[in-house]
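Asks: Take this structure, written in structure tokens, and hold onto it; I'll ask about it next.
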């Protein structure tokens, strides 16, 4: 159950990074909506990270949380914000995913 909580926390990390990206693209009242989404996603992500790290090693939990956030944010950047999907970006995303899976495999 703690791994599921950690994955959800990582997805909310993607959410708060994505909200920052959308806020940058907007102005006025609409940007406040995105900053509000940022604060909600940030709060939920941190609370879930705290909950998951009660029973998982903090080093592993934090690395997996940031890894999910990094991979997810890069994918959102590629698919939503039209950032380039170069060979090297995809290659290093794959190595990051392999590292996250490896940490999960060697953790108790």
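Asks: Among the numbered conditions (1) closer than 30 Å to residue 107 by Cβ; (2) surrounded by 14 or more Cβ atoms within 10 Å (Cβ to Cβ); (3) modelled with pLDDT of 95 or more, tell me where residue 37 comes up short.
Replies: (1)
Asks: Hey, another quick one. Is there any pair with a first residue in segment 73-92 that is more than 19 Å from residue 19 (Cα to Cα) and a second that is surrounded by 11 or more Cβ atoms within 10 Å (Cβ to Cβ) whose Cβ atoms are under 7 Å apart and which are 6 or more apart or on different chains, and what are they?
Replies: 85/78; 89/74
Asks: I would also like to ask the following. Is there a residue being over 18 Å from the mean Cα position of the chain (by Cα), loosely packed, with under 14 Cβ neighbours inside 10 Å and assigned to a helix (DSSP H, G or I) anywhere in segment 46-61?
Replies: no
Asks: Check 81, 12 and return the single one that is in contact with a helix residue (DSSP H, G or I) (Cβ under 7 Å, 6 or more places away or on another chain) and outside any helix (DSSP H, G or I).
Replies: Details: 12 fails: outside any helix (DSSP H, G or I).
When all the criteria are applied, what remains is 81.
The values are calculated or read from the model by the stated rules, or taken from the named source; none is laboratory data. Note that the structure is predicted; figures quoted are calculated from it, not measured. No Cβ is skipped: glycine too gets one built from the backbone with ideal geometry, and neighbour counts run over all protein chains shown.
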